Amino acid sequence: MPTITKKQLEDYEQLCRDRNNGRLLTPDGLRFICEANNYDPKAIGRHFLEVLAKIQQH
């Protein structure tokens, strides 16, 4: 029976926490962001840079 390492378990638990707190970008979420910015690459990039700045402040 295969086993996972402690590091793999920690990574999985972090992924679960991120999913539960809405920190994962799904294809639907990405589509929504693109539509909201009228598929303008500069506006989409600006959005992600603003989100990144907010994340890094915490």
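The values are calculated or read from the model by the stated rules, or taken from the named source; none is laboratory data. The model shown is predicted, which means the values in this text are computed figures rather than measured ones. Methodologically, a virtual Cβ is constructed for each residue, glycine included, from the backbone with ideal geometry; neighbour enumeration extends over all protein chains shown. Note: accessible area is taken over every heavy atom of the protein model, side chains too, but ligands, DNA and RNA are not part of it. Shrake-Rupley method; radii C 1.70, N 1.55, O 1.52, S 1.80 Å.
Table: residues versus (1) in a helix (DSSP H, G or I); (2) modelled with pLDDT of 95 or more.
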residue: T3; (1), (2): no, no
residue: K7; (1), (2): yes, yes
residue: E13; (1), (2): yes, yes
residue: R19; (1), (2): yes, no
residue: A43; (1), (2): yes, yes
May I ask you to list the residues in region 11-20 that are acidic (D, E) and surrounded by 11 or more Cβ atoms within 10 Å (Cβ to Cβ)?
D11, D18
Pairs only if they're at least six apart or on different chains, beta carbon under 6 angstrom, first in region 22-36 and farther than 12 Å from F48 by Cβ, second surrounded by 10 or more Cβ atoms within 10 Å (Cβ to Cβ); list them, first residue then second.
L24/D18
Run A36 past the list (1) at pLDDT 95 or above; (2) among the hydrophobic types (A, V, I, L, M, F, W, C); (3) open to solvent by 100 Å² or more (accessible area, probe 1.4 Å) and report the number of the one that doesn't hold.
(3)
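For region 1-10: of the residues being open to solvent by 100 Å² or more (accessible area, probe 1.4 Å) and of a type outside the set (S, T, Y), which is nearest to the chain's Cα centre (by Cα)?
Applying the first criterion (open to solvent by 100 Å² or more (accessible area, probe 1.4 Å)) to region 1-10 yields 1-4, 6-7.
So of that shortlist, the ones also of a type outside the set (S, T, Y) come out as 1-2, 4, 6-7.
Numbers: M1: 32, P2: 29, I4: 24, K6: 23, K7: 21 Å.
Per the criteria, the residue is K7.
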Positions within region 21-33 being surrounded by 10 or more Cβ atoms within 10 Å (Cβ to Cβ) and either assigned to a helix (DSSP H, G or I) or of a type in the set (A, V, I, L, M) (or both), in sequence order
L24, L25, G29, L30, R31, F32, I33
